[in-house]
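Values quoted throughout were computed directly from the atomic coordinates according to the rules given, and no laboratory measurement underlies them. Every value quoted in this text rests on a predicted model; they were computed, and no experiment measured them. Here the Cβ positions follow ideal geometry from the backbone for every residue, glycine too, while neighbour counts run over all protein chains shown.
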Amino acid sequence: NAGVTQTPKFRILKIGQSMTLQCAQDMNHNYMYWYRQDPGMGLKLIYYSVGAGITDKGEVPNGYNVSRSTTEDFPLRLELAAPSQTSVYFCASSYAGTVVPDTQYFGPGTRLTVL
Amino acid sequence: AQSVTQPDIHITVSEGASLELRCNYSYGATPYLFWYVQSPGQGLQLLLKYFSGDTLVQGIKGFEAEFKRSQSSFNLRKPSVHWSDAAEYFCAGLEYGNKLVFGAGTILRVKS
């Protein structure tokens, strides 16, 4: 199993450009998540998905969009990049059943700089 | 809303010394709590988790954590630190909807 994979690893964008951060998992997990990490702030949840076709906002969703057309993939879209979106982005996945939730597994991250 | 607090931004310990990283949570019911470690430029790796049962939880790499309901704490410990333990450590709690709430992190430096 590759686990959770993310592409690209690094990206520099100009203000106003758009891009899609890719995330895929091969563990057949139903839940997937996008976080952003800023120094001294921990990780903040942007969006999450409980299954294909179902997404919901997290704590910091403004400026981002997501879709989940398959169980495996959960891309994050930035439509009009702003300097405030300079951050490290992590995708994660987990299997949440009806009793005890499972661990979230994280990808290696995408480091995005907006200039 | 639930919250997780890590009071120490940076901690420096000597190699071979013991380590304790603090974590406090504010959850009403029995919390699901986690410790993750992040090496520079890497993703997050799970060290250990607490769901219920024994309040002393063993993890990977020789780490353990103790859940203390009376103190709302879930501190991470290691009896003897190695230089390779230098990293950033995150405490997190699981809230409704299987969403993690993270503390701000503690950066561990190890002196040789």
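Excluding residues fewer than 8 places away in the same chain, name every one of the lysines whose C-alpha is closer than 16 Å to that of B:LYS68.
List returned: B:LYS49.
Determine the shielding of peptide B:46-58 by partner chains: average, over its residues, the number of Cβ atoms on other chains within 10 angstrom of each Cβ.
That average works out to 1.
Can you tell me the dipole magnitude for the protein assembly as shown around its Cα centre, using point charges on the Cβ only (Lys, Arg +1; Asp, Glu -1), in Debye to the nearest 20?
So the magnitude is around 400 debye.
Please name which of B:PRO79, A:LEU115, A:TYR95 has its Cα lying farthest along the dipole of the protein assembly as shown towards the positive end, using unit charges on Cβ (Lys, Arg +1; Asp, Glu -1) and the Cα centre as origin.
It is A:LEU115, whose Cα lies furthest towards the positive end.
If you add up the charges near A:ASP26, with Lys and Arg at +1 and Asp and Glu at -1, over every other residue whose beta carbon is less than 12 angstrom from its beta carbon, what do you get?
Surrounding charge for A:ASP26 is -2.
Can you compute the radius of gyration and Dmax for region A:8-75, using only the Cα atoms, both in Å?
12.7, 36
Can you tell me, using C-alpha contacts under 8 Å and at least 6 residues apart, the relative contact order of region B:4-112 as a whole percent?
38
Sum up the charges of everything whose Cβ sits under 12 Å from the Cβ of B:TYR25, counting Lys and Arg as +1 and Asp and Glu as -1, but leave B:TYR25 out.
+2
Given the Cα atoms of the protein assembly as shown, and with Rh set as the inverse mean 1/r over their pairs in the Kirkwood sense, what is Rg to Rh to two decimals?
Reported Rg/Rh, Kirkwood definition of Rh: 0.97.
Could you name the lysines in cross-link range of B:LYS111, using Cα to Cα under 26 Å and dropping any fewer than eight places away on the same chain?
Qualifying lysines at Cα under 26 Å: B:LYS61, B:LYS78.
Could you tell me how far the Cα centroid of region B:1-54 sits from the Cα centroid of region A:1-54, in Å?
The distance from the Cα centre of region A:1-54 to that of region B:1-54 comes to 22 Å.
Considering the zone a paramagnetic label at A:GLN17 would reach in this model (a point 7 Å from Cα along the Cα-to-Cβ line), which residues of region A:69-84 have amide N under 15 Å from it?
Within reach of a label on A:GLN17, which here means backbone N under 15 Å from a point 7 Å along Cα→Cβ, region A:69-84 contributes A:78-84.
Taking the Cα centre of chain B as origin and charging only Cβ (+1 Lys, Arg; -1 Asp, Glu), how large is the dipole, in debye to the nearest 20?
Using Cβ point charges on Lys, Arg, Asp and Glu, chain B gives about 40 debye.
Would you mind estimating how fast chain A diffuses translationally, via Stokes-Einstein at 25 °C and 0.890 mPa s with the Kirkwood radius over Cα pairs, in µm²/s?
Taking Rh from Cα pairs, D becomes 173 µm²/s.
With 10 angstrom as the radius, rank A:THR86, A:THR110 by how many other C-beta atoms surround their C-beta, starting from the fewest.
A:THR86, A:THR110
Using the alpha carbon gyration tensor of region B:38-107, what are the three equivalent-ellipsoid semi-axes (square root of 5 times each eigenvalue), largest first, in whole Å?
20, 17, 11
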